[in-house]
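**Q** Take this structure, written in structure tokens, and hold onto it; I'll ask about it next.
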Amino acid sequence: MNTKTDKYQRLYVSDISCASCVNTIETAVRALPGVEDVEVNFAERTVNVSGDVAEDVLINAITKSGYTASSLEDNSEDTSKENQELAHYKELLKKTIVAGVVSLVIVAVTMLDLLPDLTTFKGQFSWGVISLLALFVLTYAGGRFFTGALKSFKNHNANMDTLVALGTGVAWLYSTFVVIFPGSVSEIARHVYFDTATLIIAFINLGSALEMRARGKTSEAIKRLIGLQPKTARVLREGNEVDIPIEQVVMDDIVRVRPGEKIPVDGELTEGSSHVDESMLTGEPIPVSKKIRDKVVGGSVNKSGSFLFKATHIGKDTALSHIIDMVRKAQNTKPEIGRLADKVSSIFVPTVMIIAVLTMHAWFNFGPDPKLTYILVTTVAVLIIACPCALGLATPISVMVGVGKAAEYGVLIRKGDALQKAGQLTTVVLDKTGTITEGKPVVTALETSEGSSEEELLTIAASVEVNSEHPLAEAVVEASKEKGLELSSIESFEAISGHGVRALYGQKEVLLGNSKLMEDKGLKLGSLQSRSEELSKLGQTVIFASLDGNPLGLLGISDPIKTDSKDAIKRLQHSGIKVVMLTGDNRDTAGTVANLVGVDDFIAEVLPQDKANEITKLQERGEKVAMVGDGINDAPALAGADVGFAIGTGTDVAIESADITLMRGSLNGVADAVAISKATLRNIKENLIGAFGYNTLAIPIAAGILYPFTGILLSPIIAGAAMALSSVTVVTNANRLRWFKP
């Protein structure tokens, strides 16, 4: 049996230029022994590898495929990457300005006819200087395209660099040939295209700079999360409070947090109390009360009192570090719709080159004179306009923004597929306890028999239940603590499966359990029975108590419904999703809760091991099913559902089994996730339709399909501008998601 490793590595590849590069790098890395999965994020320029393989081996494989890779392991290196990209952005702007100024000079002398005729020595010399100026632009501002194309050629690949280098290179070579040998070309074809080559380089560099600037905004969610981490912590060392770098905090350090300060690491309160703002982690705006033994999370903000806490998780083990890691991994995964774009992109550049060759043949065989001029203009236009940047950016750029937006609302999406599937759900199945309800049963009713008191009933019941691990027993003991009752020791504690418990209290037999236990022992419940039925109708679980063969009374225990469960369920229903409650409770209690919160259907008395079967039954009916739960017994159902939602306040096993984790205990997180998923999916489709549509229309126009009807040809200069604009448009459209509110 193969087991997946948890080893995960990130690499930064600065020279990924288009979607074709993605396929080249993924193929090279996937071929390495020990690699389980690899995904290249074109938008982030990152390579994400799962598997047991050394970093230097990965870097070597990427280098051999023609690209430059460097390590990205922690947040400081993310800052380094950000600095590299800022420097690259400034460099692109500088190259754009240089290429733009030279281009304007060339355009001016061409349009104003300032230079002598090409057939004269002065003309050849003057245009020779222009040729060198254009060569300078191609070398300085466009050199990356030619070196990239050369690397691709050596590795038997073709990418965006290939198209740009071919297009601009051919324009310059043809023009230079005309300058050196003007007599070799007919007068009607004696045109030069230095302005075309330089303007294309200027436009593409400008487009890359604008795209990079827009792309920077897509990762703001990660930047904000990283920004939550304070740089220092105030710890107690040898009786003194000292400020130290957060990296020097060790396990069990006692840390002081004052009002208004960020909590540096995860821990547990040891002294004091306060209210803590955890909104950036959970999306919940109301500060949470904290007292001794309560847990605090690094990155949250202390709003009021000063307190001390013991560090329990530090460094990469803090909740915030795990959240950053989870968000980053999700941003780099591809939903199914994105893999389609990758497949198209992998064959796109070779296809465009074939179309360019067919365009040459068509104009050579059927075009008017001067054929050479028409061939050059149309072929260069096809090569330039068809660069697949927009196609490659369409999915990852939207996924990055969508996952980041979800994180703002306390919804952590672990996989790209989950982001896509959450928007296609037809049924959401909700576990009851801890999901719809608080998961903390409380005693809500005490009913005594004649001759006994509530205090006696609760004292005896709690004295027995303190020995039990059942959640209902915990509620009874907690109720006795609140009333300050003193418990007595008991003997001969015995659990009676499915019925209750038996024990000796001061040598008298105590029975605690359901009505079946009382009937089996021959006890007459009288008015307690009718009161029990009333409480059951209200969704409460009833525990009867007897002492030495006489009914003592009953306790009504209920698990309060979360205040926002009903509204969240309505939100899901309004979005066209059927909501089903799944519980192990009896039908009466389940039915009461179902009616109170307004679910469409409920399934009761389901054993933990059978929950996954109920999910399968719904899927067999053609439903796209989500499961929402918080317990260990929900893990198989969470894993088997199309999308598993784990309540973040639940167990680690449930969270690890789920596709999406809700950092707060509210079901509104499910509704938020569905809304964000639909918005992201819609955005991806807009980008893909735009990118596909652009290329579908642009390539035939660039090839000259309109010429026979209108006499119009697309200038390669306009093709370059259009190509640059298409990428900027995709990134700008994805950034609209940043303003989306579910």
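The values are calculated or read from the model by the stated rules, or taken from the named source; none is laboratory data. Given the structure is predicted, the values throughout are model-derived calculations rather than measurements. Every residue, glycine as well, gets a Cβ built from its backbone with ideal geometry; the counts of neighbours run over all protein chains shown. In case anyone asks, the SASA skips ligands and DNA or RNA and just uses the protein heavy atoms, side chains included. Shrake-Rupley method; radii C 1.70, N 1.55, O 1.52, S 1.80 Å.
**Q** Give the accessible surface of region 421-570 per residue, rounded to a whole number of Å², with probe radius 1.4 Å and ligands, DNA and RNA excluded.
**A** Numbers: 7400 Å² over 150 residues.
Spelled out: the 1.4 Å probe surface of region 421-570, per residue, equals 49 Å².
**Q** Moving on to the next point. Could you work out the longest stretch of the chain that avoids the trypsin sites (Lys or Arg not before Pro) located in DSSP loops with at most 15 other Cβ atoms within 10 Å?
**A** Details: sites that count: Lys4, Lys7, Lys231, Lys291, Arg293, Lys303, Lys483, Lys521, Lys524, Arg621.
Formally, the longest exposed-site-free interval is 8-230.
**Q** How many nm is it between the label spots at Leu358 and Glu605, if each spot is 7 Å from the Cα in line with the beta carbon?
**A** Between Leu358 and Glu605, the simple spin-label model gives 6.7 nm.
**Q** Can you tell me the orientation of helix 454-465 relative to the chain, as the angle in degrees between its alpha-carbon axis and the longest Cα principal axis, to the nearest 10?
**A** Its long axis makes an angle of about 60 degrees.
**Q** Computed FRET efficiency, Cβ-Cβ of Phe366 and Phe153, R0 45 Å: what is it to the nearest 0.05?
**A** Working: r = 31 Å, r/R0 = 0.69.
According to the calculation, E is roughly 0.90.
**Q** Hey, another quick one. Per residue, how many Å² of accessible area does region 221-341 show with a 1.4 Å probe?
**A** Working: 5810 Å² over 121 residues.
Result: 48 Å² of accessible area for each residue.
**Q** Moving to a separate point now. Using only DSSP helix segments of four residues or longer, with each worth -39500 (n - 2.57), what per-residue ellipticity at 222 nm results for the chain after dividing by its residue count and rounding to 500? Intermediate values should be presented prior to the final figure.
**A** Numbers: 26 runs with 378 residues, N = 742.
Rounded to the nearest 500, the figure is -16500 deg cm²/dmol.
**Q** Now, a different point. At 7 Å along Cα-to-Cβ for each site, give me the label-to-label distance between Phe181 and Asn240 in nm.
**A** My value for the distance between the label points is 8.4 nm.
**Q** Using the structure shown, select from Lys7/Lys231; Lys64/Lys154; Lys415/Lys678; Lys440/Lys562 the pairs with a Cα to Cα distance greater than 19 angstrom.
**A** Details: Lys7/Lys231 27 Å; Lys64/Lys154 10 Å; Lys415/Lys678 15 Å; Lys440/Lys562 11 Å.
Too far apart for the 19 Å limit: Lys7/Lys231.
**Q** Okay, next question. Between [x] 44, 40, 26; [y] 44, 30, 25; [z] 70, 28, 19, which entry matches semi-axes √(5λ) of the Cα gyration tensor in Å as derived from the coordinates of this structure?
**A** Correct label is [z].
**Q** When the accessible area of the chain is split by element with a 1.4 Å probe, what percent falls to carbon and sulfur? It would help to have the intermediate numbers written out before the result.
**A** Working: 18940 of 33430 Å².
Exposed carbon and sulfur together represent 57 percent of the surface.
**Q** Helix 160-180 versus the longest principal axis of the chain: what angle, 0 to 90°, nearest 10, using Cα atoms?
**A** It is inclined by approximately 10 degrees.
**Q** With everything on Cα atoms, drop me the angle between helix 565-574 and the longest principal axis of the chain, reported from 0 to 90° to the nearest 10.
**A** For 565-574 against the chain, the angle is about 40 degrees.
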